[in-house]
1. Give me the distance in nm between label points sitting 7 Å out from Cα along the Cα-to-Cβ direction at S130 and K2, one decimal.
2. Return the long-range amide H neighbours of L34 (sequence gap of 5 or more, or a different chain), with a cut-off of under 5 Å between placed amide H atoms.
3. Scan around T101 for amide H atoms under 5 Å from its own, H built in the peptide plane at 1.01 Å from N, and keep only partners 5 or more places away or cross-chain.
4. With θ taken as phi - 60° and the coefficients 6.51, -1.76 and 1.60, list the Karplus ³J(HN,Hα) couplings across region 117-127 in order, rounded to whole Hz; mark glycine and proline as x.
5. If you project the alpha carbons of the chain onto their three principal axes, what span does each projection cover, largest first, in Å?
6. What residues have an amide H closer than 5 Å to that of H151, excluding those fewer than 5 places away on the same chain, when H is modeled at 1.01 Å from N in the peptide plane?
7. Short version: ³J(HN,Hα) in whole Hz for each residue of region 163-168, in order, from phi by Karplus 6.51 cos²θ - 1.76 cosθ + 1.60 (θ = phi - 60°), x for Gly and Pro, what are they?
8. Apply the Karplus parameterisation 6.51 cos²θ - 1.76 cosθ + 1.60, with θ equal to phi minus 60°, to every residue of region 130-137 and state each ³J(HN,Hα) to the nearest whole Hz, in sequence, with x for glycine and proline.
Amino acid sequence: MKKGVYKISEVAEKQVERIPSGIPHLDKAYGGGLPRGRVSIWSGAPGVGKSRTTIDVAKRVNKAGGKVLYFQNEVAPEEFAVWVRGEGIYSSRFLCSNYDTIEEQIAAIKAHRPDFVVTDSLNMIQGFNSSAKIRNIMNLLKETVAEVNAHAILIGHLNGEGETKGNTDIPHLVDIVCHLKPHGAWVDDNGYKHEGVDGIFYILVDKNRYGKSGGWVAFRHCDTGIEEVSSSYDDQELLAPSFQESTMSKVFGGFFRWLESKTG
């Protein structure tokens, strides 16, 4: 719509289209799937599982018939193809690129018009180390993703303060903000220290313009990639604590007690 003042009763409603991620509880955390024309940022410490998880989601979207464009510069395309190939993959509809300028990426998105875009990571884009250029890069990505009606996941790294590297504008420039965090050690109300669980990590939805914020999904690293363990949408009360950043230990505590009940 053009800029102006409108009677809300006269504005036609338009529901956002969504792409299934292939992970049911992740779709619930997003509010019903990955919203088309919108942008997410996933941030986390090195090694937590950012790339592995986005590759898994990209493969699931592709297997369902979606077209994927995955920007990455960590390994050569020949090596990346080994990570991705497998049964059910539509190779002609799974595209990878080592473009590292925003102009190249924008041109590729417009030319190939994918359903799902991954930028792994934002810090690979030339100029992203400049606070003055970050807003322009983010706005160009948002405009282009909206134009082709895709969903984009942008992977971010954390700085020493635990915030996404770049500048403080980034969370305000995207539609969904997720943090990936490992299952860490915690101390219960009685002062007893519990160890972290190796291989378990969480996707925490801290901001969501198209669904409820605060949802979380726990995953386990496995030989084939990742597998869902629990989430804030499980029926078992022990696995579905009310998540807030200040009550992280309760989430970890409930999950750890569940593991103990399963393993004895």
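1. 3.6 nm
2. Residues meeting the amide H criterion: I19, S21.
3. Excluding prolines and chain starts, which carry no amide H, the hits are Q126.
4. For region 117-127, the Karplus curve yields 10, 10, 10, 10, 10, 4, 5, 7, 6, 4, x Hz.
5. 57, 54, 37
6. When sequence neighbours closer than 5 places are left aside, the close amide H contacts are G37, F116, V117.
7. Rounded to whole hertz, the list is 10, 5, 4, x, 8, 6.
8. So the Karplus estimates, Gly and Pro as x, are 10, 4, 5, 9, 4, 4, 5, 4 Hz.
Just so you know, all these numbers are worked out from the coordinates, no wet-lab data involved. Please read these numbers as outputs of a predicted model, since none were measured by experiment. Don't worry about glycine lacking a Cβ; one is built from the backbone with ideal geometry, like all the others, and counts go over all protein chains shown.
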